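Asker: This is the structure I have questions about; it appears just below.
The values are calculated or read from the model by the stated rules, or taken from the named source; none is laboratory data. Source: prediction; values computed, not measured. Using ideal geometry, Cβ is built from the backbone for each residue, glycine included, and neighbour counts are taken over all protein chains shown. Ligands, DNA and RNA are stripped out before the accessible areas are found, and what is left, the full protein with its side chains, is counted by its heavy atoms. Shrake-Rupley method; radii C 1.70, N 1.55, O 1.52, S 1.80 Å.
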Amino acid sequence: MADIIIIGAGLSGLTAANYLHQKGRSVLVLEAAGRPGGRVQTTEQDGFLLDHGFQVLATAYPEARALLDYSALDLRPFKPGALLLQPDGSRGRIGDPIRDPGSLFPTLFAKAGGLSSKLGILRLRNQLARLSAEEVFQREERPTAEVLRGEYGFSEELAARFFRPFYAGIFLEPELRTSRRMFDFVFKMFAEGAVAVPNGGMGQIPLQLAGRLPEGSIRYNSRVAHIEGQHVHLESGAVLSAGKIILATEATGLVKDYAPAVNTQFVSTTHLHFRAAEAPLRSPLIALNTRPTDRVNSLAVMDQVAPGYAPAGQHLLSVAMVGQQMGTDGELFAQAQQELSRWFGQAAAGWQPLHLRRVKYALPAQEHVQGQASYKIRDGLYVIGDHLLHGSINGAMQSGREVAEQL
Ligand SMILES: Cc1cc2nc3c(=O)[nH]c(=O)nc-3n(C[C@H](O)[C@H](O)[C@H](O)COP(=O)(O)OP(=O)(O)OC[C@H]3O[C@@H](n4cnc5c(N)ncnc54)[C@H](O)[C@@H]3O)c2cc1C
């Protein structure tokens, strides 16, 4: 019998399991799916690595730095900043001239706000560099949209042409109702490190954590039906017991039955993969669609960032849409091609649809986020997960580390 049962092998559960194992505690992780990772997974199809949604790792995440072995993950960075697909069909570039000096002139000439607004980005960078991640999560909580125009004084144009599409793609909601604490945290993380993916796909992150646990510590295809006292009942009928039980499912899963106060609101995304013979972009940048009426939010050529994502001579296009999109898969593929043809011309019609994924529970709603949480439900029963802090790899891992420390 294990000392501790963890329900869910997402990043929060795996992080807790890793730290508890390091401290000599025996853990058993019960996972409903056939593999680890929860929301962070990669599926191989015809030699292409398809992440389950457009996901990236900010290498500055303190929790990831502390626990992950970055060199074993073979991380490959995006170029800092973004390529702006502008409403008139032209392209512009927003860079970070400190990390990528070559982006200075394109940034100055991008049609996304005046010079003072662009210098405001550098000012904010310096301001946030002076705050710790904990301090960022103690700042006054207001919607991101409000602070961009108010406190930070960015021009309407910069907010609309850069921040809105960039952060809509991260928060997965276009109005930027998400707490400014989350905006500040993401901004700080992106300024202080690279934005990267493992060459073997984002799924390498949970695989690394799972691989460090002793053989037999994770039972896959083991969906938990309910908990009674210190007994865990599986859907298969099996019953397992432990002195401590940690619930690490998403908020709308088993968690909500035992911790009714958790945040069960969420946002969704729709994600498309295409294969292409020619790469539509020339460098490993995230391209942002700045037309607010379009459905496509971003485009990246994944093999330009990390060659492992596509077979030699072919290209993998990752196209993200915010929210749950109506329409059949075929209609959405056609819509994406039509919208992107504004910038990529006839070539877009030749992209071949590979896979479409609708991620209903993608992130917890983040109007309110925090840097600390209470994990204990009652003696012997604990809850962790990104929904308690904020929806990110770092938030999920922090909850896992902190519960392990408490135990
Ligand atoms: C499309 C998308 C894009 C994202 N982009 C980024 C990004 O770029 N950067 C970033 O930092 N974060 C990103 N995130 C957020 C990040 O992936 C999550 O915050 C994090 O993975 C959540 O981990 P978790 O352990 O809290 O939950 P989950 O990953 O949801 O893990 C819960 C686990 O519990 C299991 N489970 C559920 N019910 C049961 C049951 N009854 N019995 C047993 N097991 C059960 C599930 O199968 C799952 O494995 C993104 C998320 C999505 C979906």
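Asker: Considering only protein heavy atoms, what is the solvent-accessible area of residue 343 at a probe of 1.4 Å, reported in Å² to the nearest 10?
Answerer: Near enough 20 Å² of accessible area.
Asker: Nearest 500 deg cm²/dmol is fine: what mean residue ellipticity at 222 nm does the chain get from its DSSP H runs of n ≥ 4 alone, each adding -39,500 (n - 2.57), divided by its residue count? Kindly include the intermediate steps, with their values, before the conclusion.
Answerer: Values: 13 runs with 116 residues, N = 407.
Computed mean residue ellipticity for the chain: -8000 deg cm²/dmol.
Asker: Rounded to the nearest 10 Å², what accessible area does residue 70 have for a 1.4 Å probe in the complete protein model?
Answerer: Roughly 50 Å² of residue 70 is accessible to a 1.4 Å probe.
Asker: So for the chain, what percent of the C-alpha to C-alpha distances run longer than 37 Å? Intermediate values should be presented prior to the final figure.
Answerer: Numbers: 18377 of 82621 pairs.
Of the Cα pairs, 22 percent sit more than 37 Å apart.
Asker: Report the net charge of residues surrounding residue 20, where surrounding means a beta-carbon distance below 11 angstrom and charges are Lys +1, Arg +1, Asp -1, Glu -1. Don't skip to the end; give the middle numbers.
Answerer: Numbers: positive: 23, 25, 244, 401; negative: 3, 405.
The answer is +2.
Asker: Relative contact order (percent) for the chain, with alpha-carbon contacts under 8 angstrom and 6 or more residues of separation?
Answerer: Relative contact order comes out at 26 percent.
Asker: Quick one: putting +1 on the C-beta of Lys and Arg, -1 on the C-beta of Asp and Glu, what dipole do you get for the chain around its Cα centre, in Debye to the nearest 20?
Answerer: 620 debye
Asker: Let me ask you something else. Round to a whole number: what % of the accessible area of the chain belongs to carbon and sulfur, probe 1.4 Å?
Answerer: Ligands and nucleic acids excluded, carbon and sulfur reach 50 percent.
Asker: Same structure again: How many Å² of accessible area per residue for the stretch 147-238, probe 1.4 Å? Numbers along the way, then the final one.
Answerer: On the way: 3520 Å² over 92 residues.
It amounts to 38 Å² per residue over the stretch 147-238.
Asker: Averaging sequence separations of C-alpha pairs under 8 Å and six or more residues apart, then dividing by the length of the stretch 16-58, give the relative contact order as a whole percent.
Answerer: Relative contact order, the stretch 16-58: 21 percent.
Asker: Using the Cβ atoms and a cut-off under 10 Å, what net charge is assigned to the surroundings of residue 137, where Lys and Arg are +1 and Asp and Glu are -1?
Answerer: -2
Asker: In whole angstrom, how far apart do the alpha carbon centroids of the stretch 176-235 and the stretch 299-315 sit?
Answerer: 24 Å
Asker: Further question: If I fit a long axis through the Cα atoms of helix 329-344 and take the longest principal axis of the Cα atoms of the chain, what angle between them do I get, 0 to 90°, rounded to 10?
Answerer: Taking the Cα atoms of the chain, the angle to 329-344 is about 40 degrees.
Asker: Calculate, for the stretch 290-407, the solvent-accessible area per residue in square angstrom, rolling a 1.4 angstrom probe over the heavy atoms of the protein chains.
Answerer: Result: 39 Å² of accessible area for each residue.
Asker: Cα centroids of the stretch 239-291 and the stretch 337-368: how far apart, whole angstrom?
Answerer: Using only Cα atoms to place each centre, the spacing works out to 16 Å.
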